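J.: Please find one structure pasted underneath; my questions will follow.
The values are calculated or read from the model by the stated rules, or taken from the named source; none is laboratory data. As the structure is a computational prediction, the values presented were derived from the model and not from experiment. Using ideal geometry, Cβ is built from the backbone for each residue, glycine included, and neighbour counts are taken over all protein chains shown.
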Amino acid sequence: MSNRLWINPDRKEYTTMNGKIRILYIDDYELDRELVKDALEKEHGGFEVMEASDRQSFERMLKTHIFDLVLTDFNIAGFEGLQVLEAVQAHDPRLPVIIVTGTGSEEIAVMALKQGVSDYVIKRPAHIRKLPQTIFAAIEKQALKDQRDADELSLKESEEKYRSILENVLVGVYQATVEGKVLFANRKMTEMFGYSASSEELKSIGSIAELYARPEERGPVVEEVLNRGFVHGEYEFRRRDGGRIWVRLHIRKTKNKKGEILLEGLMEDITEFREMETRLQQSQRLEAIGTLAGGIAHDFNNILSAVIGFAELSLDDVEPGSLLHANLFEILNAGNRAKDLVRQIMTFSRKGEQEKKPIQLNPLVLEAVRMLRSTIPSTIEIKEQAGCEMLTINANPSQINQILLNLATNAAHAVGDNGIIEIGMQKVILDESSAGQYPDLSPGSYAKIFVSDNGCGIAQENLDLIFDPYFTTKGPDKGTGLGLAVVHGIVKIHGGHVTVYSEAGKGTTFHIYLPLYGQRAPAVTIRQPEALPVGTERILLVDDEPAIVKMQKQTLERLGYTVAARTSSTEALEAFRKTPGSFDLIITDMTMPGVTGDKLAESAKEIRPGIPVILCTGFSEKVNVKTAKDIMIEGFLMKPVDKSKMAKMIRNVLDAAKNAPGPLSGNSH
C-alpha cells in the first residue's frame with residue numbers, strides 16, 4: 001500500500017498520509033457505481049473514488065494509479081469478483097479487496113474470505129451507509145497485518161543475525177539441563193569436540209559429563225553454579241576421538257519459561273596456550289637448574305682435574321697388569337665418567353660451549369644405527385631411514401651423535417628384549433603456519449630426525465617432566481635421568497626444537513628439527529692417533545688449587561718442559577714482571593682470587609707483548625673459545641684438561657709464537 005491509515009481519536013475520522021482514501025470501484029451497473037461514489041465522496045467526504053465498468057478499464061487503472069482499497073461487485077459480465085481479487089493480489093498482495101454483491105450466498109462469502117478478501121458485503125437498503133465503516137475496518141485490518149508482517153520479518157532477521165553470530169563465534173556456546181542433557185550447542189562447540197556440524201550428535205550423548213576427561217569433576221562445578229549463580233575455571237575435556245583438550249569454562253545459571261533451572265556456558269579451547277605455558281615453565285626450570293649447574297661446575301671440575309690428572313700420572317709409574325695399575329685405571333674411568341656427567345649437565349643447561357661446523361647428517365645417523373646394533377639384543381629390530389638426499393647442518397658432530405644415541409638407547413630400554421626401533425631423517429620445509437606450532441622455530445628448511453619405538457610408552461602425567469634433569473622412570477642403576485635433558489639442551493644450542501608423542505603401551509616418537517646449512521659439508525677425514533708432542537720451553541703455571549698445580553707441573557715436566565708453578569695469581573704476575581724473558585708460555589686458571597686469568601694475561605702482554613697465554617677454566621660465563629680469541633689469548637682449555645689435548649695445544653701455541661713477529665691470536669685446536 002502507498003498510504004498508511006491514521007485515526008484521529010478526537011474527531012473519529014480516518015484519513016491517510018496523502019489526504020483522502022483512494023478507492024478503485026469496479027461494477028458493471030452504472031447506478032450502483034453512482035450511488036456508492038456519491039455516498040463516499042459527497043456525503044462522507046473522506047474518499048476519492050475512481051470507477052471501472054469492465055475488466056479492461058479496471059486493469060488499466062490498477063496499473064496507472066495508486067489505491068488504498070479495491071471495491072468490487074461479485075457478478076460482473078465476464079469478470080467476477082474472485083477474478084478481481086486474483087488480479088489485485090498479483091499486482092499488490094497487500095491491497096485490501098471488499099466484495100459487494102446482491103446475489104451471493106454464505107458459501108461464496110466463506111470461500112472469498114478464505115482466498116483473501118478483506119470483507120464481503122451483501123447489498124441491502126442500508127449497506128451503502130455502512131460502507132465507510134467497512135472500508136475503514138478493512139484498511140485498518142490490513143495496516144495491522146502489514147505491521148505484524150513487518151514485525152515478524154524484523155524478528156526473523158534478528159533471530160537469523162544472532163543465530164549467525166552464535167554459530168560463527170570463536171568460542172563454544174551451549175545450554176544444558178542441571179542433569180547434563182545438552183539442549184543446544186553451536187558449531188564451534190561441536191567442532192571442538194570432534195562432532196559433525198549439526199548439534200544433534202552432541203545433543204544425543206547421555207550427559208555433558210561424558211565430555212569431561214574426569215566426569216566426576218562436573219558434580220562440584222554444577223554445585224558451585226547452583227550456589228553462586230556462575231563459575232569460571234579451566235578443565236580438561238575429552239574429544240570424540242579420545243584426544244584431550246583444555247577448556248576455559250564460563251557457566252551461569254538461568255531459567256526457562258517454565259521456571260526450570262538451566263545452565264548456559266561458554267567454552268574456549270586453550271590447549272595450545274596451556275602447551276606453550278608448559279613449555280615456558282619447563283624452559284624456566286631448565287634455566288634455573290642450568291644456572292645452578294654453572295655455579296658448581298668450576299669447583300667440581302677442579303676436583304676432577306686433580307683426580308684424573310694424578311690417576312694418569314700414577315698409571316705411568318706402576319707396572320701394567322698389577323693390581324695397583326688396575327685400581328688406578330678404575331679411578332681414572334670413574335673420573336672420566338664424572339667428567340662426562342658434568343659436561344652433560346652443562347649441555348642441557350646450555351652453558352657448555354662446543355665448536356660447530358658444517359657436517360653431513362646422514363653418516364651420523366648411519367653410524368648411530370651401527371653402534372646401536374652392536375649394543376642391543378639381536379631380537380630388537382632396527383629400521384633405518386637415512387634417506388638418499390644428503391642434508392647438511394651447522395653443528396657439533398659429537399653432540400648430534402649424543403642426541404641420536406641417547407634417544408636410541410631410551411628406545412631400546414622401552415622395547416625390552418623384543419620390539420622395533422625406527423631411526424631416520426628427512427628434509428622438511430616449514431611455512432609461517434607450520435613454524436608457528438613450534439615457538440623456537442622460524443619458517444625455513446630443516447632436517448627432521450625421528451626416533452620411534454613400539455615399547456611401553458610414557459604416561460601422560462610424565463610427558464611434561466621427561467626433559468627435566470634427573471627425572472627417570474627407569475629402575476635403580478638403569479640411568480641418571482640426564483639423557484633427555486641433554487638432548488633438549490643440545491637441540492636448543494643448535495637452534496632447533498624437539499617434540500615427543502607417546503601413548504602408554506603403544507610406543508614413543510621423538511621428532512627433532514635442526515636448521516639446514518646453506519652449503520654442502522666437506523667430507524669427513526679420520527686422523528690416526530699421534531704420539532704426544534714434547535718440548536723444552538719454560539712455562540709459568542698458575543692455578544689457585546695446589547693439587548691441580550702439583551699434578552699439572554708433573555705432567556708438563558714429563559713432557560720435557562721447565563715449569564715454574566704459582567698458586568697465587570698476584571705472585572705469578574710479580575714473578576713475570578721481574579723476569580719477563582724467563583718464560584716462553586703462561587698457562588693460567590681463569591677464576592682465581594685477586595687477579596683473574598684474563599686480567600693476568602692482559603697485564604702480562606702489557607709487560608711483554610707477544611707472550612703466548614693458554615687459559616684454563618672449569619666454567620666461566622665471561623670467557624669461552626670465541627671470547628678468548630677476542631682478548632688475544634692464544635689457547636683455551638676446559639677442565640678437567642685432557643693430557644693429550646693440552647700437550648698438542650702447548651706445542652701449537654709455542655710454535656706459532658716463534659714464527660710470529662708480534663702478538664698472535666693463537667690456535668685453540
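J.: Quick one: would you say S434 is of a type in the set (G, A, S), part of a loop (DSSP other than H, G, I, E, B) and either buried (at least 19 other Cβ atoms within 10 Å of the Cβ) or modelled with pLDDT of 75 or more (or both)?
T.: Criteria not met by S434.
J.: List the pairs whose first member sits in the range 553-565 and is at positive phi, whose second member is crowded, with 17+ Cβ neighbours inside 10 Å, and whose Cβ atoms are under 8 Å apart, counting only residues at least 6 apart or on separate chains?
T.: Hits for this filter: G560/G535.
J.: I'd like the full set of residues that are surrounded by 14 or more Cβ atoms within 10 Å (Cβ to Cβ) and assigned to a helix (DSSP H, G or I), limited to the range 58-82.
T.: F58, E59, M61, L62, G81, L82
J.: Can you find a residue that is closer than 26 Å to D32 by Cα, exposed (fewer than 12 other Cβ atoms within 10 Å of the Cβ) and touching a residue at least 24 places away in the same chain (Cβ under 8 Å) anywhere in the range 93-115?
T.: yes
J.: While we're here: Could you please let me know if Y212 is under 13 Å from V247 (Cβ atoms), modelled with pLDDT of 85 or more and either surrounded by 13 or more Cβ atoms within 10 Å (Cβ to Cβ) or outside the structural domain of Y174 (by TED's automatic domain parsing) (or both)?
T.: Judged against the criteria, Y212 is a match.
J.: Right, next: Has the range 226-242 got at least one residue that is at pLDDT below 90, loosely packed, with under 14 Cβ neighbours inside 10 Å and out of contact with any Leu (no Cβ under 7 Å at 6 or more places or on another chain)?
T.: yes
J.: Then there is this: When only residues in the range 113-137 that are part of a loop (DSSP other than H, G, I, E, B) and in contact with a strand residue (DSSP E or B) (Cβ under 8 Å, 6 or more places away or on another chain) count, which is nearest to N75 (Cα to Cα)?
T.: K123
J.: Suppose we filter L153, L131, L170 for residues that are within 34 Å of the chain's Cα centre (by Cα) and either surrounded by 14 or more Cβ atoms within 10 Å (Cβ to Cβ) or modelled with pLDDT under 90 (or both); which single one remains?
T.: Answer to the check: L170.
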